[in-house]
Amino acid sequence: MSFPIGKTIKYLILIFFALLFLAPVYVIIVTSIKPLDEVSLAEMWTLPSTIDFSSYKEAFSKLAPNLMNSIYLVVPATLLSAILGAMNGYVLSKWKFKGSETIFTVILFGMFIPYQSILIPMIQFLRQIDLYNTIPGLILVHVVYGLPITTLMFRNFYANIPDQMIEAAKIDGASFLGIFRHVIIPLSITGFVVVAIWQFTNIWNEFLFAVTVTTSDKQPVMVALQNLSGSQIVQWNVQMAGALIAALPTLLVYIFLGKYFVRGLLAGSVKG
Amino acid sequence: MSKEVQVKKRKRISKDKWTAVAFLLPSLILILVFVYGFIGWTGYVSLSNYNTIVPDFSFAGLKNYKYLFSDFRFQADLRNTLFFTILFIGLVIIMGLGIAVLIDQKLKGESLFRNIFLFPMALSFIVTGVVWQWLLNPSTGFNHFLKFFGITPKWYTDTNILAGFEWGSIEFGLPVAIIAVVIAAVWQMTGFSLAMYLAGLRGIPDELREAARIDGASEFQIYRRIILPMLLPITMSVVIIMAHISLKIFDLIYAMTGPGANFVTDVPGVYMFETTFRGNYYANGAAIAIIMLLLVAVFIVPYLWNSRKGEQ
């Protein structure tokens, strides 16, 4: 039914847009491996004559401490928000009670608020409890504001586990905690992978909390990258190398676990 | 079942009920305090005179809001947000739907194409901003190709307002510079609508298309009359989610252009950040934040309401 010529046009359109989408990747890679004397505005698209990794060395030495900050932030924040999300999702899908749907909506709303609307009290609160400008402070922030999305994802995930399994376990005398421990958790591996990838990506990439809660040596990598690109004395080949270094962890996750990333992305649209 | 067992069982069920509530309680308390309590606190700050380093919570009424709505910068922000939102949502939908339909034609290399269009979703807005400020820099980037066609746009450095007319203290119209930011944002977020539409297209049974073909419908008619209407709920979700991203956008613009000359690329998120944390105008910053929240709520509350009702 579709003519070869129609098919060719479809390919051409797709290839055109694919090249357009890959253009930034080309610029990042080509610029970041150029020797300094070949980095110029006029020669952005030309290939380097030799491959030179000195921009990576410079960018890495500038970003390394912040990369560590990001790791210290992302790992606990991801785990904690996933565990709390699983607990909430379990109750809200398998132990519904009067008002539980309302509670779910109340929690869910937190996902959509502009974080500017809680930022001023948040900073004051963190100062009060001595967590301002600390990684634990940022972890707290990301766990709390990650709750809506992790709750949503686990609730939708657990909704697919048949209620009969829960009923059967109840008849066998299993309690609330027993069912969670022996029925739900073993079935949650995929759920945890999807939620963890989603939270990892989001927290790694987040900027607003990072730039307002931390200063200088406590800053996660995205703030350091922004400082690098805002600074007039840093060459843009170093900026490009820095951008790639900062993006690499989430890019690798996407390349190797892309399927789960997309599942998380789809689960973010409320009905899932 | 003997009476004793029944009583025991009921006891256990009610104990389980309480454990369930205890499971939920920590998160619920956190959300009530950190979301609703803090929003209330921000609202309180927005009505105060706290535009100083030293906290001053004396009541100022709507003074800060009145100031903002007469402020050149904030008026420009609202204008920019309006045009950014319209262009951004429109392009994300057109690109996502168009590419999804093409990919869904059972072409070879389907998963390669899908991955190419989806990977920017895994990046930070900061990375996107850092890279695109060079790609859309007027003296390099894409202009190297465009100059062959005799066009050299000034991108985000352009201070023109298209179809502008005086309104309030600003010139109302499409700020040309915002188009550059829209392009970067669309590059990053098209993957989202693409993934949603692909999932939607997969959900439409082949028999439906077959039946339409047998009835003599052309491919174009099948899309126009059958598939697009079936994708409407997905389009609604995409619009809502993109709208809330667009209304609270901050990092992309902060990294890529900043407020720009005459605030042509400024948005409330950037203004809020700078005035609060660089200028110590806490009450003004809080007022901007509350306005942003209200704008988002206009989209989100009906959406949440509907999707909760639809599930019950």
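Every read-out reported here was derived from the displayed coordinates using simple, explicitly stated rules and does not represent laboratory data. Computed from a predicted model, the values in this text were never measured in an experiment. A quick note on method: Cβ atoms are made from the backbone with ideal geometry, for glycine too, and the neighbour counts reach across all protein chains shown.
Pairs of Cα atoms under 8 Å, at least six residues apart: use those to get the relative contact order of region B:71-311, whole percent. Over region B:71-311, the number comes to 29 percent.
Rg over Rh for region B:53-173 works out to 1.11, using Cα positions for both radii and the Kirkwood form for Rh. As a rough footprinting exposure proxy, the listed residues A:94, B:147 were ranked by other beta carbons within 10 Å of their own, and the order from fewest upward is B:147, A:94. Taking amide H as placed 1.01 Å from N in the peptide plane, residue B:48 has its amide H under 5 Å from the amide H of B:60, each at least 5 places away in sequence or on another chain. Remark on residue A:113: its backbone amide H falls under 5 Å from none of the residues 5 or more positions apart or on other chains, H modelled at 1.01 Å from N. Modelled spin labels at residue A:25 and residue B:15, positioned 7 Å past Cα toward Cβ, are 5.7 nm from each other. With the simple model of a label 7 Å out from the Cα in the direction of the Cβ, residue B:147 to residue B:217 spans 5.1 nm.
Arranged from fewest to most other beta-carbon atoms within 10 Å of their beta carbon, A:8, A:105 become A:8, A:105.
Compare the Cα positions of B:164, A:131, B:181 along the charge dipole of the protein assembly as shown (+1 at Cβ of Lys, Arg; -1 at Cβ of Asp, Glu; about the Cα centre) and return the one farthest towards the positive end. With unit charges placed on the Cβ atoms, the residue in question is A:131. The magnitude of the dipole of region A:1-132, with charges of +1 and -1 set on the Cβ of Lys/Arg and Asp/Glu and taken from the Cα centre, is near 720 debye.
Taking only the Cα atoms of chain B, the ratio Rg/Rh comes out at 1.09, with Rh defined as the Kirkwood radius. Sequence-ordered 3J(HN,Hα) estimates for region B:275-290 from the Karplus curve with 6.51, -1.76 and 1.60 and θ = phi - 60° stand at 6, 7, 9, 10, x, 6, 8, 5, 5, 5, x, 5, 5, 4, 4, 5 Hz, glycine and proline given as x. Since only A:75, B:98, A:47 are under comparison, the one whose Cα sits farthest along the positive direction of the charge dipole of the protein assembly as shown, derived from C-beta charges on Lys, Arg, Asp and Glu, is A:75.
Couplings 3J(HN,Hα) of region B:51-62, computed from phi: 10, 9, 5, 7, x, 9, 9, 5, 6, 10, x, 8 Hz, in residue order, whole Hz [Karplus 6.51 cos²θ - 1.76 cosθ + 1.60, θ = phi - 60°; x for Gly and Pro]. The phi-based Karplus calculation (6.51 cos²θ - 1.76 cosθ + 1.60; θ = phi - 60°) puts the 3J(HN,Hα) values of region A:58-68 at 5, 4, 5, 5, 7, 9, 3, x, 6, 4, 5 Hz, whole numbers, x for Gly and Pro. Among the listed pairs A:259/B:106; B:66/B:154; A:34/A:218; A:7/B:154; A:218/B:63, a Cα-Cα separation exceeding 26 Å is found for B:66/B:154; A:34/A:218; A:7/B:154; A:218/B:63.
Centroid-to-centroid, using Cα positions, region B:177-244 and region B:41-60 are 46 Å apart. The sum of -39500 (n - 2.57) across all DSSP H runs of n ≥ 4, divided by the residue count of the protein assembly as shown, sets its helix-only mean residue ellipticity at 222 nm to -22500 deg cm²/dmol.
As a rough footprinting exposure proxy, the listed residues B:253, B:179, B:86, B:53 were ranked by other beta carbons within 10 Å of their own, and the order from fewest upward is B:53, B:86, B:179, B:253.
The angle between the Cα long axis of helix A:135-159 and the main principal axis of chain A comes to about 60°, on a 0 to 90 degree scale. Of the two radii for chain A, the radius of gyration is 1.07 times the Kirkwood radius, both from the alpha carbons; that is the Rg over Rh value.
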